[in-house]
Amino acid sequence: MYGILVPTGGGDNIPLLKKDLLVGRRESCDIVLRFQNVSAHHCKFSVVDGYWFIQDLNSRNGVKVNGERVEVGERRIDPGDQVAIAKHKFKLDYSPMKLGAVGPPPSSVGANVFDKPLLERAGLQTQQDRDKLEKDDEDLKRRLEAAATLKGNGRKDPNRMV
């Protein structure tokens, strides 16, 4: 198994059993989504250098990764990213290392490679980790300012009277 699509609104997990998967409403697709708003051949998933990519196959209702529409070419899906096929949302769980990833992740065609930090794209850090680091940085900054105030006898700038 190469990963799992986990429906965010509930339902059965979908195992990703091949490195190239066609998703759509037709029975001939590898992953069949029986919904009116899903095109017959809606999108294609494929593994490239250990990372999953998605390509919209000119579907009527589109494909999104983390809320951003996949317009042209393929878009890399990092571990934990949210994928919307029409209005149906899934979280993609997989390990790039288990799929053979070595080095930095390959870039998406037509996507902004700077939309996420490298550690998060590699599945080594989450948004919650980044939020905690930012909060810790703010706390440290406040403590340093307080220490500077105490050192300056209650004045932040020793050259300026308060």
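Couple of notes before you dig in:
- Residue ID - modelled with the lowest pLDDT, chosen from residues in segment 141-162 that are open to solvent by 100 Å² or more (accessible area, probe 1.4 Å) and not in a loop (DSSP other than H, G, I, E, B): K151
- Which numbered condition L57 fails, given (1) without any contact (Cβ under 8 Å) to a residue 40 or more places away in the chain; (2) within 21 Å of S108 (Cβ to Cβ); (3) surrounded by 19 or more Cβ atoms within 10 Å (Cβ to Cβ): (3)
- Test: G80 is outside any strand (DSSP E or B) and open to solvent by 60 Å² or more (accessible area, probe 1.4 Å): no
- Residues in segment 15-45 that are touching a residue at least 60 places away in the same chain (Cβ under 8 Å) and either closer than 13 Å to H88 by Cα or in contact with a Lys or Arg (Cβ under 8 Å, 6 or more places away or on another chain) (or both): V23 alone.
- When R34 is tested against the conditions (1) at pLDDT 95 or above; (2) touching a strand residue (DSSP E or B) at 6+ places or on another chain (Cβ under 7 Å), the lone failure is (2).
- Candidates are the residues of segment 32-46 that are in contact with a Gly (Cβ under 8 Å, 6 or more places away or on another chain) and outside any loop (DSSP other than H, G, I, E, B); the one that is most open to solvent (accessible area, probe 1.4 Å) is V32.
- Of the residues making up segment 3-23, those that are in a loop (DSSP other than H, G, I, E, B), under 19 Å from R76 (Cα atoms) and over 17 Å from the mean Cα position of the chain (by Cα) are L16, L17, K18, K19.
- Residues of segment 2-54 satisfying the condition of being of a type in the set (S, T, Y) and under 21 Å from S107 (Cα atoms): Y2, S46, Y51
- Flag for V102 being touching a residue at least 12 places away in the same chain (Cβ under 8 Å) and assigned to a loop (DSSP other than H, G, I, E, B): yes
The values are calculated or read from the model by the stated rules, or taken from the named source; none is laboratory data. Keep in mind that this is a model prediction, so the values were computed, not measured. Using ideal geometry, Cβ is built from the backbone for each residue, glycine included, and neighbour counts are taken over all protein chains shown. Keep in mind that these areas ignore ligands, DNA and RNA; they rest on the heavy atoms of the full protein, side chains included. Shrake-Rupley method; radii C 1.70, N 1.55, O 1.52, S 1.80 Å.
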